[in-house]
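Engineer: This is the structure, below, for whatever I ask next.
Every number in this text was worked out from the coordinates using simple rules, so none of it is lab data. These figures come from a predicted structure and were not determined experimentally. Neighbour counts are summed over all protein chains in view; Cβ atoms, including those assigned to glycine, are modelled from backbone coordinates with ideal geometry.
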Amino acid sequence: MAAIKCPHCGGLMYETLTECPHCRGPVDPQKVIEEARQQEIEAKQKEIKDKDDEILDKINNIYNNEKRNVEDRKVARAEYEASLDMEIKNVSKKSKKVANDKKSIPIIIGIFVLAFVVAWVWAIGVEVKNQLIANGYLVMHLKQAWGMFQF
Ligand SMILES: [Zn+2]
């Protein structure tokens with residue numbers, strides 16, 4: 001035998017009675033039991049729904065956190081790639097400069113050698129001319145050459 005609550009005064013009474021022993025109100029025990037069961041079911045359903053909502057919230061939080069992490073990683077990756085590009089550009093710039101420096105060394109040596117040869121030939125020419133003038137050969141040859149045109 002179970003106890004039920006009187007719907008009029010809330011007092012406890014046996015489920016076999018049809019009249020409340022406290023307030024003398026008419027009671028339908030079957031209806032009271034059914035309503036109590038209904039309330040219990042609704043409370044359970046609400047509890048289950050709350051749990052579901054809680055789990056959904058947790059899943060959403062995990063998903064959003066993961067999404068944010070993925071976005072953060074994308075940004076970090078883009079930054080890293082940009083820095084790598086910069087480094088590659090710097091290295092290729094440096095290697096181009098080294099290649100240019102290597103190219104310019106033979107050119108500079110060539111210019112020096114050429115300048116030396118020109119100066120040397122010029123000095124020999126001046127020396128030969130001075131010798132010829134000193135010996136009077138140049139004057140003689142010039143006179144001969146001039147004479148060839150005197151028909
Ligand atoms: Zn009552």
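Engineer: If you build the convex hull over the alpha carbons only and average its shadow over all orientations, what do you get for region 3-137? Give it in nm² to one decimal.
Structural biologist: For region 3-137, the mean projected area of the Cα convex hull comes to 15.6 nm².
Engineer: Let me ask another. Angle between the Cα long axis of helix 137-148 and the longest principal axis of the chain, 0 to 90 degrees, nearest 10?
Structural biologist: Compared with the principal axis, the helix lies near 80 degrees.
Engineer: How far is helix 29-135 tilted off the main Cα axis of the chain, in degrees rounded to 10, range 0 to 90?
Structural biologist: For 29-135 against the chain, the angle is about 0 degrees.
Engineer: Once the dipole of region 3-137 is set up with Lys and Arg at +1 and Asp and Glu at -1 on Cβ about the Cα centre, which of N135, V118, G10 lies farthest towards its positive end?
Structural biologist: Among N135, V118, G10, the one farthest towards the positive end of the dipole of region 3-137 is N135.
Engineer: In region 1-72, what trypsin sites (Lys or Arg not before Pro) fall in a loop by DSSP, with at most 13 other Cβ atoms inside 10 Å?
Structural biologist: R24
Engineer: Report, please, the projected area of region 71-151 averaged over directions, based on the convex hull of its C-alpha atoms, in nm².
Structural biologist: 10.1 nm²
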